[in-house]
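Notes follow once the structure below has been shown.
The values are calculated or read from the model by the stated rules, or taken from the named source; none is laboratory data. Since the model is a prediction, treat every value here as computed from it, not as a measurement. Methodologically, a virtual Cβ is constructed for each residue, glycine included, from the backbone with ideal geometry; neighbour enumeration extends over all protein chains shown.
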């Protein structure tokens, strides 16, 4: 993987991590388009640059994350992340296998787009506007929706949790924000696990690999910060429809590309 390829993947991660189009799917498909050789490190890179995206959420919502007088906020996040941690551990091998299949991911992106179009019409009037009104049981249910994205790479973690939030009565704006909050412990746990597993199986990262990860995380942080600031207001006004149409279009384009070149 060249430095330019790493930067491109990091830009894709930053643009897509917090919108319901599947960052994992886009990075796998982008890697395939750039003919990046699949290796243990490239798989790790696609997960590890999520640290940059996580940091962007913490920086953007720093008042929320560092208000230690509201312990209930942290309790809800920890409870909500448990289903995904258990599910991710149980299906780790299946997840890794699916991540290497761009055709499968393209199909799931299309199906997810259709699902977004349907659900965009169903959940339009959430009444919960404040994070403090989200009970711990509701948080756990929202967190459980992440399991769908874990089992079906390409579905999108953010789409799953936003849909879960709206199903639990959250407004579109709050559902998006809670999805951001929930991303921090979820992605931190998944990234740390993959990093430790990689080091355990392959030894310490080389200086070149560490440099590539550092560049990727820096780029992902900057791009994610810009994406977060614009996404919530856009979703509040326009809903999911445009993301549904985008997923269908990009999925069909990728399927056409793979059909013509393989």
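Within the stretch 190-201, being under 30 Å from residue 138 (Cα atoms) and at pLDDT 85 or above holds for 191, 192. Going residue by residue through the stretch 106-120, is there one that turns out to be loosely packed, with under 13 Cβ neighbours inside 10 Å and either within 18 Å of residue 163 (Cβ to Cβ) or touching a strand residue (DSSP E or B) at 6+ places or on another chain (Cβ under 9 Å) (or both)? The answer is yes, given that some residue of the stretch 106-120 is loosely packed, with under 13 Cβ neighbours inside 10 Å and either within 18 Å of residue 163 (Cβ to Cβ) or touching a strand residue (DSSP E or B) at 6+ places or on another chain (Cβ under 9 Å) (or both). Entry remark, the stretch 147-173: residues being surrounded by fewer than 24 Cβ atoms within 10 Å (Cβ to Cβ) and over 17 Å from the mean Cα position of the chain (by Cα) number 6 in total. Report yes if some residue within the stretch 234-241 is in contact with a helix residue (DSSP H, G or I) (Cβ under 9 Å, 6 or more places away or on another chain) and outside any helix (DSSP H, G or I); otherwise report no. Within the stretch 234-241, one or more residues are in contact with a helix residue (DSSP H, G or I) (Cβ under 9 Å, 6 or more places away or on another chain) and outside any helix (DSSP H, G or I). Taking (1) surrounded by fewer than 20 Cβ atoms within 10 Å (Cβ to Cβ); (2) over 28 Å from residue 7 (Cβ atoms); (3) at pLDDT 90 or above in turn, residue 236 satisfies each apart from (3).
The residues listed here are 55, 15; of these, the one that is in contact (Cβ under 8 Å) with a residue 40 or more places away in the chain and either over 19 Å from residue 189 (Cα atoms) or in a loop (DSSP other than H, G, I, E, B) (or both) is 15.
Condition check: crowded, with 18+ Cβ neighbours inside 10 Å and either more than 24 Å from residue 101 (Cβ to Cβ) or without any contact (Cβ under 8 Å) to a residue 40 or more places away in the chain (or both). Does residue 180 satisfy that? So residue 180 fits the description; yes. Evaluation of residue 35 against the conditions (1) without any contact (Cβ under 8 Å) to a residue 24 or more places away in the chain; (2) assigned to a helix (DSSP H, G or I); (3) more than 21 Å from residue 180 (Cα to Cα) shows that the sole unmet condition is (2).
One residue alone among 244, 154 is assigned to a loop (DSSP other than H, G, I, E, B) and in contact (Cβ under 8 Å) with a residue 12 or more places away in the chain, and that residue is 154. Considered as a group, the residues in the stretch 121-146 that are touching a residue at least 24 places away in the same chain (Cβ under 8 Å), buried (at least 20 other Cβ atoms within 10 Å of the Cβ) and in contact with a helix residue (DSSP H, G or I) (Cβ under 7 Å, 6 or more places away or on another chain) include one that is farthest from residue 245 (Cα to Cα), and that residue is 134. Once the stretch 202-226 is narrowed to residues that are surrounded by fewer than 17 Cβ atoms within 10 Å (Cβ to Cβ) and within 18 Å of the chain's Cα centre (by Cα), the residue that is modelled with the lowest pLDDT is 226. When residue 16 is tested against (1) surrounded by 17 or more Cβ atoms within 10 Å (Cβ to Cβ); (2) out of contact with any helix residue (DSSP H, G or I) (no Cβ under 6 Å at 6 or more places or on another chain); (3) under 19 Å from residue 154 (Cα atoms), exactly one condition is not met: (2).
Please indicate, with yes or no, whether at least one residue in the stretch 71-84 is farther than 14 Å from residue 221 by Cβ, modelled with pLDDT under 90 and crowded, with 23+ Cβ neighbours inside 10 Å. Yes, the stretch 71-84 has at least one match.
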